[in-house]
């Protein structure tokens with residue numbers, strides 16, 4: 001079994017040995033000839049992300065053709081509404097076809113915005129949590145690749161035809177900072193505050209130290225549930241999940257102060273818990289170089305401790321962009 005650190009080390013060695021000028025020329029010619037394009041997709045427990053799009057991970061099968069075609073996917077004779085709500089968290093993303101259907105929707109969205117042409121062959125860059133990477137990588141690649149056969153589907157009443165030529169998987173956290181690893185001298189903690197887990201990756205001179213990588217079950221979804229429960233207690237009604245997500249993403253908007261206060265209080269407690277997890281596991285937030293990434297990075301930036309040693313990657317698409325970047329380097 002290839003461990004996460006060995007896989008990443010081999011990947012970095014391969015990239016570093018490339019003659020980048022010749023490789024870029026070759027890749028450009030190959031992509032033009034074979035119509036191969038690279039798409040990074042972050043299959044989140046709450047949100048699906050590509051380099052250019054963010055949408056909820058809901059998949060709901062429809063008994064009949066929907067009246068409105070917005071967010072409607074047609075695949076293998078069945079109708080689905082995509083991204084109109086959040087799916088409940090699954091024990092395994094391989095348990096059903098939902099994340100495959102979400103992948104098709106992501107490709108359609110990338111095509112809609114002109115980033116890939118309809119009919120293209122695509123290489124997917126995807127990711128997995130640190131603790132699952134070594135054991136689940138091959139299965140997840142097989143789940144998405146499905147034999148390199150052309151896939152035909154409709155999204156929002158437009159017919160699409162893609163071939164998933166290859167799937168390259170990378171560890172979460174690592175991908176979010178992939179473009180800056182070369183400048184990361186010394187020791188760093190990459191803290192991915194995600195929808196369902198917090199992944200902590202220890203990096204030394206740009207290389208992950210697998211024995212010090214950790215995953216904890218504190219999550220942004222738990223904060224959302226706390227806010228909904230608290231608002232129900234205080235006001236007799238829940239703040240909707242969409243409002244909470246928007247507030248966390250933007251920390252603004254025209255929201256009444258009493259509701260903003262409820263959300264701020266829950267987020268402050270969450271940030272304190274995250275910092276507590278770091279401290280309990282021997283990480284000094286005053287001296288350790290820390291980079292917060294993921295959906296909770298903005299909360300850490302707003303309510304957490306600050307210092308010259310702490311930085312933030314607040315773009316929720318950072319992992320997806322990193323997967324795409326790494327896939328291109330590995331081609």
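The values are calculated or read from the model by the stated rules, or taken from the named source; none is laboratory data. It should be emphasised that the depicted structure is a prediction, and the values quoted were computed from it without experimental measurement. Heads up, the Cβs are rebuilt from the backbone with ideal geometry, glycines too, and the neighbour counts pull from every protein chain shown.
Taking the residues in the stretch 134-166 that are in contact with a helix residue (DSSP H, G or I) (Cβ under 9 Å, 6 or more places away or on another chain) and assigned to a helix (DSSP H, G or I) as candidates, determine which candidate is modelled with the lowest pLDDT.
134
Residues that are surrounded by fewer than 16 Cβ atoms within 10 Å (Cβ to Cβ), farther than 17 Å from residue 43 by Cβ and either modelled with pLDDT under 90 or outside the structural domain of residue 248 (by TED's automatic domain parsing) (or both): does the stretch 168-180 have at least one?
Scanning the stretch 168-180 turns up at least one residue that is surrounded by fewer than 16 Cβ atoms within 10 Å (Cβ to Cβ), farther than 17 Å from residue 43 by Cβ and either modelled with pLDDT under 90 or outside the structural domain of residue 248 (by TED's automatic domain parsing) (or both).
For the stretch 250-277, what are the residues that are in contact with a helix residue (DSSP H, G or I) (Cβ under 7 Å, 6 or more places away or on another chain) and at pLDDT below 90?
251, 253, 255
From 300, 263, grab the single residue that is outside any loop (DSSP other than H, G, I, E, B) and either assigned by TED's automatic domain parsing to the domain that holds residue 46 or over 15 Å from residue 193 (Cβ atoms) (or both).
Being outside any loop (DSSP other than H, G, I, E, B) and either assigned by TED's automatic domain parsing to the domain that holds residue 46 or over 15 Å from residue 193 (Cβ atoms) (or both) holds for just one of 300, 263, which is 263.
Scan the stretch 50-64 and tell me whether some residue there is under 25 Å from residue 165 (Cα atoms), without any contact (Cβ under 8 Å) to a residue 40 or more places away in the chain and exposed (fewer than 14 other Cβ atoms within 10 Å of the Cβ).
Checked against the condition, which is being under 25 Å from residue 165 (Cα atoms), without any contact (Cβ under 8 Å) to a residue 40 or more places away in the chain and exposed (fewer than 14 other Cβ atoms within 10 Å of the Cβ), the stretch 50-64 yields no hits at all.
Could you say whether any residue in the stretch 282-294 is in the same structural domain as residue 218 (by TED's automatic domain parsing), closer than 28 Å to residue 87 by Cα, in contact with a strand residue (DSSP E or B) (Cβ under 6 Å, 6 or more places away or on another chain) and in a loop (DSSP other than H, G, I, E, B)?
Within the stretch 282-294, one or more residues are in the same structural domain as residue 218 (by TED's automatic domain parsing), closer than 28 Å to residue 87 by Cα, in contact with a strand residue (DSSP E or B) (Cβ under 6 Å, 6 or more places away or on another chain) and in a loop (DSSP other than H, G, I, E, B).
Are there any pairs, at least 6 apart or on different chains, whose C-beta atoms fall under 6 Å, with the first in the stretch 206-233 and under 11 Å from residue 196 (Cβ atoms) and the second modelled with pLDDT of 85 or more and assigned to a strand (DSSP E or B), and if so, which?
Hits for this filter: 215/199; 216/198; 218/198.
Can you find a residue in the stretch 102-118 that is in a strand (DSSP E or B) and either in contact with a strand residue (DSSP E or B) (Cβ under 9 Å, 6 or more places away or on another chain) or crowded, with 19+ Cβ neighbours inside 10 Å (or both)?
Looking for residues that are in a strand (DSSP E or B) and either in contact with a strand residue (DSSP E or B) (Cβ under 9 Å, 6 or more places away or on another chain) or crowded, with 19+ Cβ neighbours inside 10 Å (or both), one finds none in the stretch 102-118, hence no.
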